[in-house]
Each structure stands twice: as structure tokens, then as C-alpha cells.
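The values are calculated or read from the model by the stated rules, or taken from the named source; none is laboratory data. Small disclaimer: the values here were computed from a predicted structure and weren't measured. Every residue, glycine as well, gets a Cβ built from its backbone with ideal geometry; the counts of neighbours run over all protein chains shown. Areas reflect the complete protein model, heavy atoms only, side chains present, ligands, DNA and RNA absent. Shrake-Rupley method; radii C 1.70, N 1.55, O 1.52, S 1.80 Å.
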Amino acid sequence: MPKVIVSIDGVVIKEAQLTQARTTIGRRPYNDIVIDNLAVSGEHAALELVGQQVLLHDLGSTNGTRLNGRPVKLAQLQHDDLVEIGKYRLRFLQEQPAGQAAPVSPPAPSVLPSAAPAVASDVAAAPAPGTGPRIRVLNGPGAGRELPLVKIVTTLGKPGVGVAAITHRPQGFALTHIEGEAPAVNGQALGSEPLMLADGDHIDLSGVQMQFVRA
């Protein structure tokens with residue numbers, strides 16, 4: 001079972017098993033993991049269970065969240081990763097039972113280099129063209145291109161303009177706003193909570209029109 005060990009200055013102060021679909025971290029008392037420190041935002045970050053994987057999601061915190069020394073907005077955690085929130089350290093542990101090899105996880109998602117989604121990095125693992133869950137670009141230079149949703153996390157957008165992520169969950173695909181301009185789904189701006197996508201949903205991200213195709 002995945003867990004995090006919370007420490008400060010080398011002293012362990014808490015151990016939390018990740019048994020819920022979403023475990024929140026922050027200064028407010030209603031969080032699942034409460035860190036009472038002014039450097040920590042009221043709702044700072046969340047750990048989300050997606051199948052056997054755990055995603056770290058910064059919730060727009062003031063001072064940011066670091067993973068193994070680098071700032072992140074959304075990332076997939078690996079065994080023994082170190083999450084830093086202010087002066088606090090959260091060591092992520094996901095040990096496998098004896099005799100069972102650790103699963104090979106895909107690399108942490110990277111933001112697409114342009115506003116139009118690219119598909120080259122996903123071709124090897126992609127299903128046959130025109131099949132399977134995918135994002136279809138509807139306008140601009142990339143119109144007609146399709147991005148197969150074959151990874152746990154697929155990141156869309158351009159840093160500094162607008163970034164969103166689509167997460168493959170057991171119940172479907174969820175769109176989450178990461179930074180910059182918020183995407184709109186069927187004309188409605190996406191809020192702070194992930195939104196489950198339905199077949200045919202239209203996504204507008206910084207002027208790029210896309211459509212979610214379920215199969």
C-alpha cells in the first residue's frame with residue numbers, strides 16, 4: 001500500500017497511508033494531511049490514486065511544490081520520491097510484496113511544446129489510427145491531428161499560456177487545469193476540480209479547439 005512519511009529537519013512527525021482516491025495536503029484543518037506552517041497554503045497539494053499509480057498535484061499553492069528538487073504542477077510518483085512543501089519533506093513509499101517485481105511506470109508527463117497537441121511521442125504505444133480514446137485537434141495548424149490517450153497522464157498546452165492534463169482513471173478520463181488560462185469544456189470554464197470527460201466534449205485551451213473521442 002502506498003504511503004508518505006512526513007518529516008522536518010530529519011525528524012519524522014507523521015506517516016499517512018494513501019487509502020483514499022484523493023488525499024489533500026495543506027494548512028487548513030480539513031485536509032487529510034495537515035501541515036500547520038505559514039509557508040504551506042491552506043489547500044497546497046493533493047495525492048491522487050489512479051489505479052496502482054499515485055499522482056502529485058499542486059493546487060495552485062503560493063510557494064509551490066517540489067519533487068526531487070524540481071518544481072512540479074502535476075507528476076506521477078515513483079517509489080522513494082521526495083516531495084518538498086516548504087521545509088517539510090514527504091517521502092513516498094510504494095514497496096512491492098516479496099518476490100514481486102516493481103511495475104515499470106511511464107515517465108512523468110511533459111508539457112507539449114506548442115499549443116497544438118503533438119502525437120509523435122505516443123505513436124509507438126498508440127492503438128490503430130481512428131480507434132481508442134483520443135484528442136482530436138479541430139483548428140489551427142494542427143487541425144485534424146489526433147493524440148491517443150495511452151498514458152496515465154497526457155499534458156496539453158503551452159507553459160506560460162495555458163496548461164491542462166487528462167488523467168486516465170478507472171472510471172474514465174478527467175481533465176484538470178494545471179496553470180495559466182483555464183480551459184473551457186463545452187463553453188464552460190473549468191474550475192479547480194477535475195472534470196470527467198464525455199464522448200464528444202469540446203475543449204478550448206488558449207484558443208486551440210479540441211474534441212475528446214472516447215472510442
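Listed here are the strands (runs of 3 or more DSSP E) enclosed by the stretch 1-69 that have at least 2 residues being open to solvent by 20 Å² or more (accessible area, probe 1.4 Å) and without any contact (Cβ under 8 Å) to a residue 12 or more places away in the chain: 11-17. In the set (1) under 18 Å from THR167 (Cα atoms); (2) modelled with pLDDT of 90 or more; (3) among the aliphatic types (A, V, I, L, M); (4) in contact with a His (Cβ under 9 Å, 6 or more places away or on another chain), LEU93 fails one condition alone, (1).
Of all residues in the stretch 136-145, at least one satisfies being within 14 Å of ARG214 (Cβ to Cβ) and assigned to a strand (DSSP E or B).
Within the stretch 180-215, the set of residues being assigned to a loop (DSSP other than H, G, I, E, B) and of a type in the set (S, T, N, Q) comprises ASN186, SER192, SER206. If you filter the stretch 181-207 down to residues that are touching a residue at least 40 places away in the same chain (Cβ under 8 Å) and closer than 20 Å to LEU59 by Cβ, you find that the one that is least open to solvent (accessible area, probe 1.4 Å) is LEU205.
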